[in-house]
Amino acid sequence: MIDRATVDRIYAAANIVEIIGDYVTLKRKGVNYMACCPFHNEKTPSFVVSPAKGLYKCFGCGKGGNAVTFLMEHESVSYPEALKMVAKRYGITVEEREETEEDIRKNNDRESMFAVNSWAAEYFVNYLHNTGEGQSVGLGYFRHQRRLTDATIKKFGLGFCPSHGDEMTRAALAAGYKQEFLQMTGLTKARESDGHLYDPFRDRVIFPVHNISGRVVAFGARTLRSDKKVAKYLNSPESEIYSKRNEIYGLYFAKRAIQQQDCSIMVEGYLDVISMHQVGIENVVASSGTSLTQQQIRLLARFSRNMTVIYDSDPAGIKASLRGIDLILQEGLNVRVVLLPDGEDPDSFARSHTADEVRTYIADHEQDFLDFKARLLLDEAQGDPARKAGVISDMVQSIAQIPDAIQRAVYIKECARTTDTSEQVLIAEVARKRMASTGDREADEFVRRQTARYREEQAAAEAANTPVINTKVEAGSSAEALERELVKFLIKYGHRSFEFREAKTQVECNVAEVIFNELDADKLQFSDQRYHKLLDAYREQWRERGVGVEVPMQYFINHTDPEVINIAIELSTDGDNYVPSELWRRKEVHVESEEELLAAGVPKAVTLYKSKVIERLINEQQARLKGDISEEEESQILQQIARLNQVKAALAKKVNRLIV
């Protein structure tokens, strides 16, 4: 059995157009896609796929369903097998087991939480419209201060929670809803002093949060008091049915418009979304004041690869949100930015303009994100060379996230023009950044690809004098063997460089710099103390001498620690006895140069070592499961194991590509 939470994640990740598009040629027609049905012979397309609804339907043979049932039908597999196929495609770990009484209870609990949220949403709406307090306070705020129409208030299910401390809780209990589910959803809390139940959302206007299928998973509650000691917004806690990382406010109402206009507009808060919808701009969603996550971006990408982010004129807010945009670029979306006039936010701007005026303003003022970022940061640098260098480094980091090589080339050229920097320097720096990021297919190719063969006479001349790098590590090597290999690379070749290429640009990478950067990026430390000591000894000298400067072997041989001396001598003499055969050269057999072998060996050793560390962490977490732990701890451990397995899978793919 696959647990309900995993099934929900699979359905949330499944892009029906991508999945069905693997089997039939889909052609866009309005908001939907059409094709000839794969389940019966036809010449005129009657097979329709709706991304907004996540469904397909053939009006010829009558078959219909979702992405999972399509695979069941087309591949003749069971429901669990189809779920696994989708999960594998989107990197979701599936742990299958027999359905226990505990599993049944959890699934029932989830449905109970949905039920209590649905009841609460109706309760808040009813209280807003049908009580004196709701009408005077809540409706007064929505209608007069925010100028929302009754139709808009109804559309978004806006409501009001009574000001009396426990009125909503008592009503829910009287209606038959259990206290445990009221508390699990965050609708009710218990005072620590005496256990008395109360409404945390009391005396606040309510904004229900819907998931992509329209079910209420959480609530946002805004106070109308001016007291600065009172939190302006309260939100439902994370629960079995709600994870803020996976939900986007307003997407349920915006998904059709996003698909129709092939663009999503990202704003910050609930009222920004609601006011924009009211004026007629309906492809608007909100991050609700949090940085966008990979899950949210992929969810939006199901409906459009284009995004426009609207900022108000607050510089601090803009800079804070800029840091999250790199993740959008990494997912391959096209991002543009609109800066509103001073003193305006999307809510106020929408309330003071017509739909046509808002659309015209967006069209006239939207800028490419990277151009906007460069100009914003350069203005702050104000000619200071050090700060300008920091801006350029920041831009390089963003450009390096873009997966499409052509787009990267265009942005590099534009960045070079904007910052008055050498284009070749930017290309090289972007290439370095991409090589350092794990899981990048193209960067892996650069690392894997050996440099051009030396001319015959160079290979013959160098081969006789250059020891072959005997890289013994393979996928099954132990962590100790991999630590040994990395230290060996350092003390023998740490000052050397190897070449890789991106497009027509050759970039040199220093061996020691690559190893230290990769280890430091994930805060990895060697478990074998002998190699750990030698690593630290080399790092100290490397920092003192600089990149590309050889650390003499004599330094290690004369070290004060006997263990460092012994292991340095052992490694320095390992694999130095072999030179290429003269017969090979006469037979024109290509002898790989030291540089070529470093280009293949160093990245492979680092990646295998990271994979081994991940295996150890997984084993440690699995061992914890066997102990006496709470249900909450078990859930956290399983989530951690799932995340580690995803990293392990990505590293395994990288290792396979690095092996030539």
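The values are calculated or read from the model by the stated rules, or taken from the named source; none is laboratory data. Please read these numbers as outputs of a predicted model, since none were measured by experiment. Backbone-built Cβ (ideal geometry, glycine too); neighbour counts: all protein chains shown. SASA here: full protein model, heavy atoms, side chains in, ligands and nucleic acids out. Shrake-Rupley method; radii C 1.70, N 1.55, O 1.52, S 1.80 Å.
Taking first residues from segment 596-607 that are part of a helix (DSSP H, G or I) and of a type in the set (V, I, T) and partners that are modelled with pLDDT under 75 and crowded, with 22+ Cβ neighbours inside 10 Å, the Cβ contacts under 6 Å between residues at least 6 apart in sequence or on separate chains come to T607/K654. Here G324 fulfils each of the conditions (1) under 23 Å from A389 (Cα atoms); (2) open to solvent by 30 Å² or more (accessible area, probe 1.4 Å) apart from (2). When each of Y252, Y242 is tested for being outside any loop (DSSP other than H, G, I, E, B) and open to solvent by 10 Å² or more (accessible area, probe 1.4 Å), the lone residue that passes is Y252. Only residues that are part of a loop (DSSP other than H, G, I, E, B) and in contact (Cβ under 8 Å) with a residue 12 or more places away in the chain were counted across segment 74-121, and they come to 9. A single entry from P237, P200 fulfils the requirement of being open to solvent by 10 Å² or more (accessible area, probe 1.4 Å), touching a Leu at 6+ places or on another chain (Cβ under 9 Å) and part of a loop (DSSP other than H, G, I, E, B): P200.
For (1) open to solvent by less than 60 Å² (accessible area, probe 1.4 Å); (2) over 23 Å from the mean Cα position of the chain (by Cα); (3) closer than 23 Å to N306 by Cβ, each residue gets a yes or a no:
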residue: E331; (1), (2), (3): yes, no, yes
residue: A355; (1), (2), (3): yes, yes, yes
residue: Y361; (1), (2), (3): yes, yes, yes
residue: D364; (1), (2), (3): no, yes, yes
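Restricted to segment 14-69, the set of strands (runs of 3 or more DSSP E) holding at least 2 residues that are in contact with a Pro (Cβ under 6 Å, 6 or more places away or on another chain) comprises 32-35. Across segment 214-228, the number of residues qualifying as basic (K, R) and either closer than 15 Å to D199 by Cβ or in contact (Cβ under 8 Å) with a residue 40 or more places away in the chain (or both) comes to 2.
Across segment 382-398, not a single residue is classified as open to solvent by less than 60 Å² (accessible area, probe 1.4 Å) and touching a Phe, Trp or Tyr at 6+ places or on another chain (Cβ under 7 Å). The residues on offer are E42, E81, and the sole one that is closer than 22 Å to I2 by Cβ and either surrounded by 15 or more Cβ atoms within 10 Å (Cβ to Cβ) or among the acidic types (D, E) (or both) is E81. Hey, among the residues in segment 260-282 that are more than 22 Å from the chain's Cα centre (by Cα) and more than 23 Å from R147 (Cα to Cα), which one's surrounded by the fewest Cβ atoms within 10 Å (Cβ to Cβ)? The selected residue is Q260. If I filter segment 177-197 down to residues being among the acidic types (D, E) and in a loop (DSSP other than H, G, I, E, B), which single residue comes out as nearest to D227 (Cα to Cα)? Across segment 177-197, the extreme among qualifying residues is E192. Only one entry of A14, A87 meets the criterion of being farther than 22 Å from G214 by Cα, of a type outside the set (V, I, T), within 25 Å of the chain's Cα centre (by Cα) and open to solvent by less than 20 Å² (accessible area, probe 1.4 Å), and that entry is A87.
The criterion of at least 1 residues that are modelled with pLDDT of 85 or more and of a type in the set (S, T, Y) is met by the following helices (runs of 4 or more DSSP H) wholly inside segment 379-497: 385-399, 405-419, 479-493.
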